[in-house]
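The values are calculated or read from the model by the stated rules, or taken from the named source; none is laboratory data. Worth saying up front: this structure is predicted, and the values here are computed from it rather than measured. Cβ coordinates were reconstructed from backbone atoms using ideal geometry, including for glycine residues, and neighbour counts include every protein chain displayed.
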Amino acid sequence: MQTPLTPALLLHAYSQGIFPMGQPDSPDIEWYSPNPRGIIPLDDRFHVPKRLARTWRHGTYQVTCDRAFPQVMRACAQPRHNQPSTWISEEFVAVYTELHRLGHAHSVETWQDGNLVGGLYGVSIGGLFAGESMFSVARDASKIALIALVEHLRRGRFVILDTQWVTEHLAQFGAYWMPRHIYLKQLQHALNAPSVWPTP
């Protein structure tokens with residue numbers, strides 16, 4: 001019998017470099033600590049493609065933080081053309097929403113004409129932000145959310161933006177692979193950093 005997910009269990013796992021993923025069409029939960037680890041830089045190595053930078057400057061989307069956390073999670077859980085089933089169960093939504101209530105999980109939302117069209121969510125502990133998932137139903141909506149997240153983390157003096165894996169989608173922003181032993185060493189530094197999730 002598996003140990004139930006709780007906020008305390010999640011915080012302990014993330015502080016050790018471990019994160020859970022549900023299994024599609026199954027109650028089972030698997031725990032991961034990838035080697036190497038996907039990282040998005042928070043310094044000047046973070047790259048915004050020119051076309052996307054124009055979209056950002058033009059304010060095509062309204063961007064908010066923590067306005068619609070459960071909605072973002074449920075949107076991330078929706079099946080996609082290349083992913084017919086989801087690992088984000090209602091159990092995950094409930095536990096991460098509780099983490100959000102406790103101040104350890106956050107969302108960034110993008111809106112168009114009052115409609116939620118993109119966003120992302122993740123877990124924060126100290127100077128670590130562990131990105132979990134993102135979604136988009138309008139062009140570049142999730143990418144704009146990521147740019148906003150990086151700006152937010154910079155203001156809060158965060159140390160690590162963990163993306164778990166490097167995808168083609170994230171590589172365009174400068175995401176890179178970090179060996180696990182280096183990640184774990186930097187993680188301990190991040191956990192003790194005086195970082196703060198900025199409030200509006």
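Testing Thr167 on (1) more than 20 Å from Thr64 (Cβ to Cβ); (2) surrounded by 17 or more Cβ atoms within 10 Å (Cβ to Cβ); (3) of a type in the set (Val, Ile, Thr), one condition comes back false. Which one is that?
(2)
Would you point out the residue of region 94-110, among those that are among the β-branched types (Val, Ile, Thr) and closer than 25 Å to Tyr61 by Cα, that is surrounded by the fewest Cβ atoms within 10 Å (Cβ to Cβ)?
Step one: of region 94-110, the residues among the β-branched types (Val, Ile, Thr) are 95, 97, 108, 110.
Filter once more, keeping what is closer than 25 Å to Tyr61 by Cα: 97, 108, 110.
Working: Thr97: 18, Val108: 29, Thr110: 30.
Here the answer is Thr97.
I'm trying to understand the selection: among the residues of region 165-193, which are free of Cβ contacts under 8 Å to residues at least 60 places away in the same chain and either under 15 Å from Leu153 (Cβ atoms) or of a type in the set (Lys, Arg) (or both)?
Lys185, Gln186
Condition check: at pLDDT below 85 and either among the small types (Gly, Ala, Ser) or outside any strand (DSSP E or B) (or both). Does Thr55 satisfy that? It would help to see each step written out before you state the result.
Values: at pLDDT below 85: no; either among the small types (Gly, Ala, Ser) or outside any strand (DSSP E or B) (or both): yes.
For Thr55, the condition - at pLDDT below 85 and either among the small types (Gly, Ala, Ser) or outside any strand (DSSP E or B) (or both) - is not met.
Look at Ala75 and say whether it is more than 23 Å from Pro49 (Cβ to Cβ), free of Cβ contacts under 8 Å to residues at least 12 places away in the same chain and outside any loop (DSSP other than H, G, I, E, B). Please lay out each step first, then the result.
Working: more than 23 Å from Pro49 (Cβ to Cβ): yes; free of Cβ contacts under 8 Å to residues at least 12 places away in the same chain: no; outside any loop (DSSP other than H, G, I, E, B): yes.
The answer is no for Ala75.
Would you call Glu98 at pLDDT 95 or above and among the acidic types (Asp, Glu)? Full working, then the answer.
Working: at pLDDT 95 or above: yes; among the acidic types (Asp, Glu): yes.
So Glu98 fits the description; yes.
Can you pull out the residues in region 175-184 that are more than 16 Å from the chain's Cα centre (by Cα), surrounded by 13 or more Cβ atoms within 10 Å (Cβ to Cβ) and not in a strand (DSSP E or B)?
Step one: list which residues in region 175-184 are more than 16 Å from the chain's Cα centre (by Cα), which gives 177-184.
Now drop any that are not surrounded by 13 or more Cβ atoms within 10 Å (Cβ to Cβ), which leaves 177-178, 180, 183-184.
Arg180, Tyr183, Leu184 - these are the residues of region 175-184 that are more than 16 Å from the chain's Cα centre (by Cα), surrounded by 13 or more Cβ atoms within 10 Å (Cβ to Cβ) and not in a strand (DSSP E or B).
Only residues that are assigned to a loop (DSSP other than H, G, I, E, B) and within 20 Å of Phe19 (Cβ to Cβ): list them for region 132-172, please.
Within region 132-172, the subset assigned to a loop (DSSP other than H, G, I, E, B) is 137-140, 156-159, 165-167, 172.
Across region 132-172, the qualifying residues are Phe158, Val159, Trp165, Val166, Thr167.
Please verify whether region 110-128 includes one or more residues that are among the hydroxyl-bearing types (Ser, Thr, Tyr), closer than 28 Å to Pro179 by Cβ, assigned to a strand (DSSP E or B) and touching a residue at least 24 places away in the same chain (Cβ under 8 Å).
To start, the set of residues in region 110-128 that are among the hydroxyl-bearing types (Ser, Thr, Tyr) comprises 110, 121, 124.
When the remaining residues are screened for being closer than 28 Å to Pro179 by Cβ, the result is 121, 124.
Subset that is assigned to a strand (DSSP E or B): 121, 124.
Still in the list and also touching a residue at least 24 places away in the same chain (Cβ under 8 Å): 121, 124.
The answer is yes, given that some residue of region 110-128 is among the hydroxyl-bearing types (Ser, Thr, Tyr), closer than 28 Å to Pro179 by Cβ, assigned to a strand (DSSP E or B) and touching a residue at least 24 places away in the same chain (Cβ under 8 Å).
For every residue, the table says whether it meets (1) of a type in the set (Val, Ile, Thr); (2) surrounded by fewer than 18 Cβ atoms within 10 Å (Cβ to Cβ); (3) under 19 Å from Leu149 (Cα atoms).
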residue	(1), (2), (3)
Pro4	no, yes, no
Ile18	yes, yes, no
Glu30	no, yes, no
Arg45	no, yes, yes
Val63	yes, no, yes
